[in-house]
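First comes the structure, then the notes that go with it.
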Amino acid sequence: WDIYVANSLVHMYAACALPDLARRLFDEIPRPNLVSWNALLDGYAKCHDLLSARCVFDRMPQRDVVSWSAMIDGCVKCGEHREALALFEMMETTGAGNGVRANDITMVSVLGACAHLGDLGRGRQMHRYLQERGFLLNLRLATSLVDMYAKCGAISEALEVFRAVPVTSTDVLIWNAVIGGLAVHGLTMESVQIFQEMQHSGVVPDEITYLGLLSACVHGGLVGEAWRLFRSLEAQGLRPHVEHYACLVDVLGRAGRLEEAYGVVKSMPMEPNVSVLGALLNACHLHGWVELGEVVGRQLVQLQPDHDGRYIGLSNIYAIARRWQEAKKARKVMEERGVKKIPGFSEIDVGGRLHRFIAHDKAHSGSREIYALLNLITVEMKMKDDVVIPEYFCTYR
């Protein structure tokens, strides 16, 4: 009957990922207050039960910034990034009248949504919002801004925010955001230079730091640097995870050092996952090691029998060996198992609207104009660089 004890128990069950027990206890509280509602909402959101969280949110007799932040964060964690931004807009319009204002926690979630969508325009808008509302740029917000700008491709702006934070105030998270952002965009040497700065600053790297650096080595083809970093990771007393091995196998495989890559896979202290085997299969396909590619390809089909790419990867291995019947059989098995090939697509945000395209797409309303411009660019490329471009890349039929 004590509301403080009851709320603490609801929060405890929610924090322990037991939302059903939290709900049962909540229903027994005679007059639940705002803290009770928030504890239940947060529990559902953290357990990725977005439907139940939204039902609780909509039923709340009143909401504060904790309620809105929990709902927005739940959407982000469940991958509903556009819904998270829509909720933020709703909070700004409906919550303002009740004195509800976004706080640091809200903005970290909103910036995360912008980062995952790659929505640079909205991300810049949120940065201005922070400045106009007088937010103090603490380390958590600065890290979220760096991550957002890096994931949206605005590396110079990410570095600008990063450099504005005093080195003595940094932690491993913000360094990881910068290193990872540079790595994703193929800025290999820059990410290594930032790592050297990190070491001089006294901030101790963690497993994520090394994962970002190894990823940079993959993009830059730096085999020697990848080995040096991998050994440094172990020397620091850190334990390499399967993702670190995947990067090492990938960089070795791309460089044509397939036997070395295969040796790494065999020496792994854990079972290789699809990332490791996928990197090895790609290397076999690239450099024509059919025998190993066949073994790895079959393993991948067994591990992911519902993944279309696994059958196609195996089929492609047979194709480079001109084993056409086996290549055809791999695709036939995929069809017989009811696995459908999902076409790859790309998305671009123009004027606040998301446009999606698949290969040779003619469904877009502006297809004729798009292909006309593509033809113009193609002609210019041919004139400047004397490149041969297949006609089907730029033909509208």
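The values are calculated or read from the model by the stated rules, or taken from the named source; none is laboratory data. Treat the numbers as computed from the prediction; the structure is a model and nothing was measured. In this analysis, Cβ positions are derived from the backbone assuming ideal geometry, glycine residues included, and neighbour counts consider all displayed protein chains. Just the protein is used for accessible areas: all its heavy atoms, side chains included, with ligands, DNA and RNA removed. Shrake-Rupley method; radii C 1.70, N 1.55, O 1.52, S 1.80 Å.
Conditions tested, residue by residue: (1) charged (D, E, K, R); (2) in contact with a Lys or Arg (Cβ under 9 Å, 6 or more places away or on another chain); (3) open to solvent by 50 Å² or more (accessible area, probe 1.4 Å); (4) closer than 30 Å to LEU85 by Cα.
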{"site": "TRP289", "(1), (2), (3), (4)": "no, no, yes, no"}
{"site": "VAL296", "(1), (2), (3), (4)": "no, no, no, no"}
{"site": "GLN304", "(1), (2), (3), (4)": "no, yes, yes, no"}
{"site": "ASP308", "(1), (2), (3), (4)": "yes, yes, no, no"}
{"site": "ASN316", "(1), (2), (3), (4)": "no, no, yes, no"}
{"site": "ALA319", "(1), (2), (3), (4)": "no, no, no, no"}
{"site": "GLN325", "(1), (2), (3), (4)": "no, no, yes, no"}
{"site": "MET334", "(1), (2), (3), (4)": "no, yes, no, no"}
{"site": "ILE377", "(1), (2), (3), (4)": "no, no, yes, no"}
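With respect to (1) of a type in the set (A, V, I, L, M, F, W, C); (2) at pLDDT below 95; (3) under 30 Å from GLY153 (Cα atoms); (4) touching a helix residue (DSSP H, G or I) at 6+ places or on another chain (Cβ under 8 Å), the lone exception for VAL100 is condition (3). Annotation note: Cβ proximity below 7 Å between a residue of the stretch 3-25 that is under 14 Å from ALA45 (Cβ atoms) and a residue that is assigned to a helix (DSSP H, G or I) and among the aromatic types (Phe, Trp, Tyr) (sequence gap 6+ or interchain) occurs for VAL10/PHE26; PRO19/TYR44; ALA22/TYR13.
Here the condition is being modelled with pLDDT under 90, among the small types (Gly, Ala, Ser), farther than 20 Å from GLY278 by Cβ and open to solvent by 40 Å² or more (accessible area, probe 1.4 Å); of GLY338, GLY344, it holds for GLY338 alone.
Check the stretch 21-40 and report whether any residue there is open to solvent by 40 Å² or more (accessible area, probe 1.4 Å) and within 27 Å of the chain's Cα centre (by Cα). Scanning the stretch 21-40 turns up no residue that is open to solvent by 40 Å² or more (accessible area, probe 1.4 Å) and within 27 Å of the chain's Cα centre (by Cα).
PRO272 - would you say it is under 22 Å from the mean Cα position of the chain (by Cα) and either open to solvent by less than 20 Å² (accessible area, probe 1.4 Å) or more than 30 Å from GLU234 (Cα to Cα) (or both)?
Numbers: under 22 Å from the mean Cα position of the chain (by Cα): yes; either open to solvent by less than 20 Å² (accessible area, probe 1.4 Å) or more than 30 Å from GLU234 (Cα to Cα) (or both): no.
It is false that PRO272 is under 22 Å from the mean Cα position of the chain (by Cα) and either open to solvent by less than 20 Å² (accessible area, probe 1.4 Å) or more than 30 Å from GLU234 (Cα to Cα) (or both).
The residue pairs whose first member lies in the stretch 28-53 and is basic (Lys, Arg), whose second member is assigned to a helix (DSSP H, G or I) and open to solvent by 60 Å² or more (accessible area, probe 1.4 Å), and whose beta carbons are closer than 9 Å, counting only pairs six or more residues apart or on different chains, are LYS46/ALA15; LYS46/LYS77.
Quick check on this structure: which one of ASP20, ASP58, ASP27, ASP42 is touching a Phe, Trp or Tyr at 6+ places or on another chain (Cβ under 9 Å), among the acidic types (Asp, Glu) and either at pLDDT 90 or above or more than 19 Å from TYR4 (Cβ to Cβ) (or both)?
ASP20
Can you confirm whether the stretch 252-263 contains a residue that is aromatic (Phe, Trp, Tyr) and open to solvent by less than 50 Å² (accessible area, probe 1.4 Å)? The answer is no; no qualifying residue exists. In the stretch 53-86, the qualifying residues are those that are assigned to a helix (DSSP H, G or I) and acidic (Asp, Glu), and the one that is farthest from TYR13 (Cα to Cα) is GLU83.
Against the definition (modelled with pLDDT of 95 or more, assigned to a helix (DSSP H, G or I) and surrounded by fewer than 17 Cβ atoms within 10 Å (Cβ to Cβ)), how does ARG128 come out, yes or no? Yes: the conditions hold for ARG128.
Every condition in (1) open to solvent by 40 Å² or more (accessible area, probe 1.4 Å); (2) within 24 Å of ALA150 (Cβ to Cβ); (3) assigned to a helix (DSSP H, G or I); (4) of a type outside the set (Lys, Arg) holds for GLU89 except the one numbered (2).
Among the residues of the stretch 83-97, those identified as touching a helix residue (DSSP H, G or I) at 6+ places or on another chain (Cβ under 7 Å) and modelled with pLDDT of 90 or more are GLU83, ALA84, LEU85, LEU87, PHE88, MET91. Among the residues of this structure, VAL242 does not count as one that is crowded, with 21+ Cβ neighbours inside 10 Å, within 25 Å of the chain's Cα centre (by Cα) and at pLDDT 95 or above.
Filtering GLU326, GLU336 for residues that are closer than 21 Å to HIS287 by Cα, over 30 Å from the mean Cα position of the chain (by Cα) and acidic (Asp, Glu) leaves a single hit, GLU326. Does the stretch 300-322 include one or more residues that are outside any helix (DSSP H, G or I) and over 28 Å from the mean Cα position of the chain (by Cα)? Yes, because at least one residue in the stretch 300-322 is outside any helix (DSSP H, G or I) and over 28 Å from the mean Cα position of the chain (by Cα). Among the residues that make up the stretch 44-52, is at least one of them assigned to a helix (DSSP H, G or I), among the aliphatic types (A, V, I, L, M) and closer than 23 Å to ASP119 by Cβ? There is at least one residue in the stretch 44-52 that is assigned to a helix (DSSP H, G or I), among the aliphatic types (A, V, I, L, M) and closer than 23 Å to ASP119 by Cβ.
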